[in-house]
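K.L.:
Submitted below is the structure of interest, expressed as C-alpha cells.
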Amino acid sequence: MITTINERVYALSTKTTTYLFEVLPSGHLEHLYYGPLLPQVTSDEALAFAQKRACECGNTIIYSDDDPDVMLENTPLEMSAEGKGDIREPFIEVIHENGSRTSDFLFQKAEILAKKDPYDTLPGSYGLAGNNHLVITLKDQQADLRLELHYYVYEDEDVICRSSRLINDSDETVTLNRLMSTQLDLTNNDYVMTSFTGSWSNEMNRHDTSLLAGKHEISSFTGTSSSRANPFVMISEKNTSEDYGSCYGMNLIYSGNHYEMAEVNAYGQTHFLSGINPRGFQWVLEPHETFEAPEAVMTYSHEGWSVLSLHMHAFIREHIVRGEWKHKPRPVLLNSWEAYYFQFNEHKLLSLAKKAKQVGIELFVLDDGWFGHRDDDTSSLGDWFVNSKKLPHGLKYFGEKIHELGMDFGLWIEPEMVNVKSTLYQEHPDWTLAIPHTPHSEGRHQRLLDLTRKDVVDHLEKVMSDLFSSAPIDYIKWDMNRIISDAFSPSLEASRQGEVFHRYVLGLYDLMHRLTVKFPHILFEGCAAGGNRFDLGILCFFPQIWASDNTDPICRAQIQENYSYGYPLSVFSAHVSASPNHQTLRQTSLKTRFDVATFAILGYELNLNDLSKNALEEVKQQITWYKQYRTILQEGHFYRTMQKQNDRQEYSWTCVAQDQSCAIGFTLQTLVHPHQPFHTYKARGLDPMKCYSFQNVSHKEDIRRFGDLINSQIPIHIKPDSLTQKVASQFVKLEGEKDYYASLSGASLMYGGICLKTSYTGTGYNENVRLYQDFDSRLYLMKAL
Ligand code: GLA
C-alpha cells in the first residue's frame, strides 16, 4: 500500500515492512525509514525520523542560500547526484554537452498508479496488485532532463522493487556515465554485507564483510551477472542469524555487468547502491530519448535470514517466473553430458534412454555435440544442423524415439556463440564482438555473436525457431560458455562503444523474449558454464537455471545452500552424477548424491548403463520417492538450520509443504569428528500445534564401508578390496538405523529437536547405530497426523 502524508511524506507498506521518505523543502528526497511495519504513519513519525539540521556542518557544502540547512553529503537520500555537495558514490552521473558533470535533480511530482507499466526493453517483475506503483519525477535544474524513480510494492511477499529512467527532454545530447536502480541510505554503520562470489564450478561462496569505513563493492565485468559475484547481496545488523536480526536482501533483475556498492561515509552512515556496473559503461542519450535502468528487488526482515529468504522465494515464484511452467512440477531429467561428453552415437544414446525410462526418468536431454561437426569444443557453434555421423536418422527421428519410449525430449544449444571453425563464421565474420584487424582473445575456442545488432538477433530467432520446430522438442538447455573480452561492436560508432555490454544484454533479452513467446510449451533451462548467469533477468524468461557444473554433492550442498538465501529451490537444478565425481574426483555414496540433489530440481547425469543392478534399483526408488514429494521440494518453504556445530561442518535443511502438512528434513556431515555420538536434528517451519510422525527415509549400508573391520565379526577372513568382498557386498546389505516417532508436536520437533540414533564412533555397531561418517547424509520425513 502506498500512502501520502501531507503531500510530502510517502509511506510504502507491505505485510510486515514499511519504507518511508519525504520531500524536503529544497526538493530533495530524504530517506527516513525501511524496517518493520509501522502500524500507522503520521507527520509526527516523519518528523521524528528526519535528520535534525540546525546549522552548517563543518566544511560541508550548503546546498543553497534558500536552504541553509541542507547539506547533501550527510543526508540520507533516495537518490544521490554529482556536483552539489554529495560526495558519496552517485546514483546518477551525466555529462552535459558543455562537459559539466553536475546534476541537480529536484522533486517535480508524484503519481500513484494502479499498474506497473511494462518496460520496453528490460524484463521485470509482474502481477502487481492495484495502486501499488509510485512514480516520483525529479527535474534537473540545469538541463531539461527528467529522472523518474519507480517504486513497486508487493505487499504479500514483503518486497519493494525500484527502478529509474532518465528522459532527455532537452535539445542537447548528454552522456550517461551511470544510472543506478536503487539506493538505500542507512543512518549507521553497524552492518555486515554478505556477498556470494566464486568461479566456474565453485559458485556462491558466502562472505560476510563488516561495513565500517570506506567502500565495499561487489560487481561483475564479465558481460554476464557471473559466477564471480552474484547480484544478490544481504546487508544485516551484526550478529544476525537464521532466526534473529534485522537484515535487507537486495537483488537486480539484470543479466549483465552489475554493481552493488556499500559505502560508509565520514559520518558513519551507510550508503548502498545497486545497478548496472558503471565500469565500461557509457550511454549517449540523444534529445527525446529515454534510458531505463533495470529493476532492483529489496526486502527486509527483522527475524533473520530465513524470513528474508522466504520473502525472496515467494516473490520470485510469483512475480518473476512466468509462463506455462510457472507452478508446474519440473520433470526429472537425464542429461547425456557427463555420461558421454562428445563421444556418442544414436545407438549409445538410445540404450541410455531405455535405461532412463526403466528407472523413471521423465525427460531425456541430449547435451552438447549433436550438431555440425562437433566432436570437441573447437568447432561448429553456429551451425545448428544435426551431426549426421552421430545421428544418421536426424533429430526428428531421435526425438520421436524418445517420445515412443515415453519420455520428453530435450536439447542443448548455445545460440549466442560461434566457433571460427563454422560455416556461420565463414559467412559472417563481421557478426561477432571483435575489434577489426586486431588479434582476438577467445574463451573455450569461441566468440560471441554481436547481439547488439538486430540482424544477428533476427537470424538467431529464425535459426532457433526452425530448429525448435524441426523435431519434437519439449525442453531446451540454453548455454553460454564464455565471458566477454574485446568488447567492441563494429556496427556501433566510436562514441557508443561504452554501450556494447548493455546492448548485448538487451539483444539477448529480445531474443529470449521472441523465442519464449513463440514456444510457450518448451521448458527452458538457463546455463552459462554452470552458474555464470544465474540471475532474475534470466528467470523472467526461463523458469530454471543449471546452478553449477560442479555435481559433487559436498560442494553442491554449499552452492545450493548459498543460492537458497536469495532464490527458491524451484529455480535451480541439481544432478546425481558418477562417483568419483568428475570435477573433484571425490567418492560419495549414491544416497548422498541423491539427498543433496533432491533439494533442487532433480536430474541425473551419468551413464546408467555402467550401474550395477542394485544401484539401478536404488535410483529407481529415489526417483519414485522424489516424485511423491517434489511439490514440497520445489514449491515448499525452505529453511536452513545451521552450518557449524562445534567443530563439525554440518548442513541441516527443512522443506515444508505450504499447508504445513508434511516436511522433508536433511542433514549432511562433511568430515566426521571423532567420538561425537549425539546429533540433534531440529525441524523448522512446522505448525507448532500440529502433531507429526517422524522417520528417516530408509537406506541400506554396504558392508565394504567397514573395510577389514568386518573380519572381527565373522568366522572367515575377507580381504579388503577383494573379489570375495565385492560379491559378499552384493548379497549382504545392512539395514540402516531407524529413527521413528509416531507422534510429536511441531513445537517439539522445532524447539527441542530429535536426538538421533547414536553415531558410529569406533566402539561398536548394531542396528541402533548410525553410520554418519565423512560425506554421509540423511533424509527425514514428517507427516501431520
Ligand atoms: C557447459 C555446461 C555443461 C555442458 C557443457 C557442454 O559447461 O555448463 O553443463 O552443457 O557446457 O559443452
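K.L.:
Hey, among Met464, Met480, which residue is within 16 Å of the ligand (Cβ to nearest atom) and either assigned to a loop (DSSP other than H, G, I, E, B) or touching a helix residue (DSSP H, G or I) at 6+ places or on another chain (Cβ under 8 Å) (or both)?
P.N.:
Details: Met464 fails: within 16 Å of the ligand (Cβ to nearest atom).
One residue alone meets the criteria, Met480.
K.L.:
Another question about this same structure. Look through segment 383-410, keep the residues that are at negative phi and touching a Lys or Arg at 6+ places or on another chain (Cβ under 7 Å), and return whichever of them is farthest from the ligand (Cβ to nearest atom). Walk me through it before giving the result.
P.N.:
Filtering segment 383-410 for residues at negative phi gives 383-393, 395-405, 407-410.
Next, only the ones that are touching a Lys or Arg at 6+ places or on another chain (Cβ under 7 Å) stay: 387, 405, 407, 410.
Working: Asn387: 14, Leu405: 22, Met407: 19, Gly410: 12 Å.
Result: Leu405.
K.L.:
On to the next question. I need the strands (runs of 3 or more DSSP E) fully contained in segment 680-779, keeping only those with at least 2 residues that are free of Cβ contacts under 8 Å to residues at least 60 places away in the same chain and buried (at least 16 other Cβ atoms within 10 Å of the Cβ). Don't jump to the end; show me each part of the working.
P.N.:
On the way: elements: 691-696, 700-702, 733-735, 740-745.
The qualifying strands (runs of 3 or more DSSP E) are 740-745.
K.L.:
When both residues are 6+ apart or on different chains and their Cβ atoms are under 8 Å apart, which pairs have a first residue that lies in segment 78-90 and is under 13 Å from Arg178 (Cβ atoms) and modelled with pLDDT of 95 or more, and a second that is among the charged types (D, E, K, R) and assigned to a loop (DSSP other than H, G, I, E, B)?
P.N.:
So the pair list comes out as Ser80/Asp86; Ser80/Arg88; Ser80/Glu89; Ala81/Asp104; Glu82/Arg101; Pro90/Glu82.
K.L.:
Among the residues of segment 411-444, how many are away from the ligand (no atom under 16 Å from the Cβ) and either farther than 24 Å from Asp376 by Cα or assigned to a loop (DSSP other than H, G, I, E, B) (or both)? Explain how you work it out, then say what you get.
P.N.:
Step one: of segment 411-444, the residues away from the ligand (no atom under 16 Å from the Cβ) are 420, 423-441.
So of that shortlist, the ones also either farther than 24 Å from Asp376 by Cα or assigned to a loop (DSSP other than H, G, I, E, B) (or both) come out as 420, 428, 430, 433-441.
Of the residues in segment 411-444, 12 are away from the ligand (no atom under 16 Å from the Cβ) and either farther than 24 Å from Asp376 by Cα or assigned to a loop (DSSP other than H, G, I, E, B) (or both).
Rundown of residues vs (1) out of contact with any strand residue (DSSP E or B) (no Cβ under 8 Å at 6 or more places or on another chain); (2) within 16 Å of the ligand (Cβ to nearest atom); (3) at positive phi, yes/no style:
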residue	(1), (2), (3)
Glu525	no, yes, no
Arg533	no, yes, no
Ile559	no, yes, no
Lys591	no, no, no
Asp595	no, no, no
Gly603	no, yes, no
Asp610	yes, no, no
Glu617	yes, no, no
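K.L.:
Out of segment 196-233, which residues are outside any strand (DSSP E or B) and in contact with a helix residue (DSSP H, G or I) (Cβ under 9 Å, 6 or more places away or on another chain)? It would help to see each step written out before you state the result.
P.N.:
Restricting attention to segment 196-233, the residues satisfying the condition of being outside any strand (DSSP E or B) are 200-201, 211-213, 220-228, 230-232.
Answer for segment 196-233, where residues must be outside any strand (DSSP E or B) and in contact with a helix residue (DSSP H, G or I) (Cβ under 9 Å, 6 or more places away or on another chain): Ser201, Phe221, Gly223, Thr224, Ser225, Asn230, Pro231, Phe232.
K.L.:
Among the residues of segment 415-444, how many are closer than 19 Å to Ala487 by Cα and out of contact with any strand residue (DSSP E or B) (no Cβ under 6 Å at 6 or more places or on another chain)?
P.N.:
Filtering segment 415-444 down to residues closer than 19 Å to Ala487 by Cα leaves 415-420, 425, 428-444.
Retained after the next criterion (residues that are out of contact with any strand residue (DSSP E or B) (no Cβ under 6 Å at 6 or more places or on another chain)): 415, 420, 428-430, 434-444.
The qualifying residues number 16.
K.L.:
Any residue that is over 22 Å from Glu618 (Cβ atoms), in contact (Cβ under 8 Å) with a residue 24 or more places away in the chain and small (Gly, Ala, Ser) - is there at least one of those in segment 663-672?
P.N.:
Our first condition is that a residue be over 22 Å from Glu618 (Cβ atoms); within segment 663-672, this holds for 663, 670-672.
Narrowing further to those that are in contact (Cβ under 8 Å) with a residue 24 or more places away in the chain: 663, 670-672.
Checking which are small (Gly, Ala, Ser) leaves us with 663.
Checked segment 663-672: at least one residue is over 22 Å from Glu618 (Cβ atoms), in contact (Cβ under 8 Å) with a residue 24 or more places away in the chain and small (Gly, Ala, Ser).
K.L.:
So, of the residues in segment 535-557 that are within 16 Å of the ligand (Cβ to nearest atom) and either of a type in the set (Ser, Thr, Tyr) or touching a Phe, Trp or Tyr at 6+ places or on another chain (Cβ under 6 Å) (or both), which turns out to be farthest from Ala296 (Cα to Cα)?
P.N.:
Here is the first cut: in segment 535-557, the residues within 16 Å of the ligand (Cβ to nearest atom) are 535, 538, 542, 544-552, 555-556.
Narrowing further to those that are either of a type in the set (Ser, Thr, Tyr) or touching a Phe, Trp or Tyr at 6+ places or on another chain (Cβ under 6 Å) (or both): 542, 545, 547-548, 551.
Details: Phe542: 19, Ile545: 20, Ala547: 22, Ser548: 24, Thr551: 31 Å.
Among residues in segment 535-557 that are within 16 Å of the ligand (Cβ to nearest atom) and either of a type in the set (Ser, Thr, Tyr) or touching a Phe, Trp or Tyr at 6+ places or on another chain (Cβ under 6 Å) (or both), the one farthest from Ala296 (Cα to Cα) is Thr551.
Yes or no, residue by residue, for (1) outside the structural domain of Ile235 (by TED's automatic domain parsing); (2) surrounded by fewer than 15 Cβ atoms within 10 Å (Cβ to Cβ); (3) at pLDDT 95 or above:
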position: Ser13; (1), (2), (3): no, no, yes
position: Thr18; (1), (2), (3): no, no, yes
position: Leu24; (1), (2), (3): no, no, yes
position: Tyr33; (1), (2), (3): no, no, yes
position: Pro36; (1), (2), (3): no, yes, yes
position: Pro39; (1), (2), (3): no, yes, no
position: Ala46; (1), (2), (3): no, no, no
position: Arg53; (1), (2), (3): no, no, no
position: Glu56; (1), (2), (3): no, yes, no
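K.L.:
State which residue pairs qualify: first residue aliphatic (A, V, I, L, M) and inside segment 376-404, second residue within 14 Å of the ligand (Cβ to nearest atom) in any location, beta carbons under 7 Å apart, and separation of 6 or more residues or different chains.
P.N.:
As it stands, the answer is Leu381/Glu414; Leu381/Met417; Leu381/Asn419; Leu381/Gln446; Val386/Trp370; Val386/Phe371; Leu391/Trp370, since those pairs meet every condition given.
K.L.:
Which of the following residues is closer than 20 Å to Lys477 by Cα, assigned by TED's automatic domain parsing to the domain that holds Ser469 and part of a loop (DSSP other than H, G, I, E, B): Phe524, Phe534?
P.N.:
Details: Phe524 fails: part of a loop (DSSP other than H, G, I, E, B).
So the residue among Phe524, Phe534 that is closer than 20 Å to Lys477 by Cα, assigned by TED's automatic domain parsing to the domain that holds Ser469 and part of a loop (DSSP other than H, G, I, E, B) is Phe534.
K.L.:
Could I ask something else about it? Note down all Cβ pairs under 8 Å where the first residue falls in segment 412-439 and is more than 21 Å from Leu366 (Cβ to Cβ) and surrounded by fewer than 17 Cβ atoms within 10 Å (Cβ to Cβ), the second is of a type in the set (Phe, Trp, Tyr) and modelled with pLDDT of 95 or more, and they're at least six residues apart or on different chains.
P.N.:
Sorted first by the residue in segment 412-439, then by its partner, the pairs are Ile435/Phe488.
K.L.:
Asn6 versus (1) closer than 23 Å to Leu72 by Cβ; (2) modelled with pLDDT of 95 or more: which is the lone unmet condition?
P.N.:
(2) is the only condition that Asn6 fails.
K.L.:
Inside segment 397-410, can you point out the residues that are surrounded by fewer than 16 Cβ atoms within 10 Å (Cβ to Cβ) and part of a helix (DSSP H, G or I)?
P.N.:
Pass one, segment 397-410, residues surrounded by fewer than 16 Cβ atoms within 10 Å (Cβ to Cβ): 397, 400, 403-404, 406.
If the condition is that a residue be surrounded by fewer than 16 Cβ atoms within 10 Å (Cβ to Cβ) and part of a helix (DSSP H, G or I), then Tyr397, Glu400, His403, Glu404 are the ones that fit.
K.L.:
Could I ask something else about it? Right, His327: crowded, with 21+ Cβ neighbours inside 10 Å and either outside the structural domain of Gly214 (by TED's automatic domain parsing) or without any contact (Cβ under 8 Å) to a residue 40 or more places away in the chain (or both) or not? Explain how you work it out, then say what you get.
P.N.:
On the way: crowded, with 21+ Cβ neighbours inside 10 Å: no; either outside the structural domain of Gly214 (by TED's automatic domain parsing) or without any contact (Cβ under 8 Å) to a residue 40 or more places away in the chain (or both): yes.
The answer is no for His327.
The values are calculated or read from the model by the stated rules, or taken from the named source; none is laboratory data. These numbers come from a predicted model, not from an experiment. Here the Cβ is made from the backbone with ideal geometry for all residues, glycine too, and neighbour counts use every protein chain on show.
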